[in-house]
Amino acid sequence: MIRLLPLLLPLLAACSGEPDIRDYYYPVRELTDGLVYEYRNTGNVNQDSSEFWYYLGVDRDTALYLSATRYDRGVTPAQVSTERVRNEGAYLQSLTLYPLLPDGERIRTDVEILYDRTFPFFPGDGLATGFRIRFPAPGTPGADNYVSLNRYYRGDTTLTVLGEEYEAVVFDLQGEVSQRDVRLGDISPTFTGYEIYARGVGLVEHYRDLGPGGEVGGKLIRRIGMEEYAAQIR
């Protein structure tokens, strides 16, 4: 019976009336050729006009995966992650960062995943879903950075994206970006915000209030193939 439980979760959820929002996450099975999502910058931290993410779905015999790469200044990877898509949600499997150092170079930083559930497909219980990661602070020996993010399902809505009206779901965010330094002590600034996911598209709008650190946000304005994206930045 224990081994059958994951297979029964969608049926149990449907019987209990709990919302199933898997169709609002990225359409992984339709992204086998990959698409670049362009988000117009609406915050004041990142000075670039847009942010680009390349999403690729990998459908294997035994599992379904979503690869996400954020590009900076053309085709330079700034972040690469892989999520495994299961019956009950998406789970972070790997994450690599390439932070920009003061000298202009990037250093590969592998992330330790402390808690891995990134997106729930059945959020009706009102509980938070999120992740927590740890990685060494670039250029600061003996210091570790921690990032936590919790998503709280608010409900459904409709909005216009890419010239069309979509059904969507909204999540409220609560998170923390902290640094633990054996010499200087700990700092743990927090942030709040929201995310909106459209049916059949994925994330279409996001916002984070970092307090004194400023605001981070973006709205989806375009989806294009990798070839088209590469051609426009040559």
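The values are calculated or read from the model by the stated rules, or taken from the named source; none is laboratory data. The structure presented is a predicted model; accordingly, all values stated were derived computationally and were not measured. Glycine also receives a Cβ, built like all others from the backbone with ideal geometry; neighbour counts cover every protein chain displayed.
For segment 6-25, the criterion of being at pLDDT 85 or above, touching a Lys or Arg at 6+ places or on another chain (Cβ under 9 Å), among the β-branched types (Val, Ile, Thr) and assigned to a loop (DSSP other than H, G, I, E, B) is satisfied by at least one residue. Scanning segment 75-90 for residues that are over 22 Å from ASP20 (Cα atoms) and touching a helix residue (DSSP H, G or I) at 6+ places or on another chain (Cβ under 9 Å) turns up just one, VAL75. For segment 83-113, which positions are assigned to a strand (DSSP E or B), free of Cβ contacts under 8 Å to residues at least 24 places away in the same chain and of a type outside the set (D, E, K, R)? Correct list: SER94, THR96, ILE113.
State whether the residues of segment 141-156 include one that is touching an Asp or Glu at 6+ places or on another chain (Cβ under 6 Å), in contact (Cβ under 8 Å) with a residue 40 or more places away in the chain and under 23 Å from ILE113 (Cβ atoms). Yes, that holds for at least one residue. Taking the criterion of being in contact with a strand residue (DSSP E or B) (Cβ under 6 Å, 6 or more places away or on another chain) and surrounded by fewer than 16 Cβ atoms within 10 Å (Cβ to Cβ), the residues of segment 114-134 that qualify are LEU114, TYR115, ARG134.
Being under 24 Å from ARG86 (Cβ atoms), surrounded by fewer than 16 Cβ atoms within 10 Å (Cβ to Cβ) and small (Gly, Ala, Ser) holds for only one residue in GLY200, GLY142, and it is GLY200.
Set side by side, the residues VAL36, VAL80 differ, and just one is within 14 Å of the chain's Cα centre (by Cα), among the β-branched types (Val, Ile, Thr) and under 29 Å from GLU167 (Cα atoms), which is VAL80. Filtered by the rule that a residue be aliphatic (A, V, I, L, M) and either modelled with pLDDT under 95 or part of a helix (DSSP H, G or I) (or both), segment 26-57 gives VAL28, VAL45.
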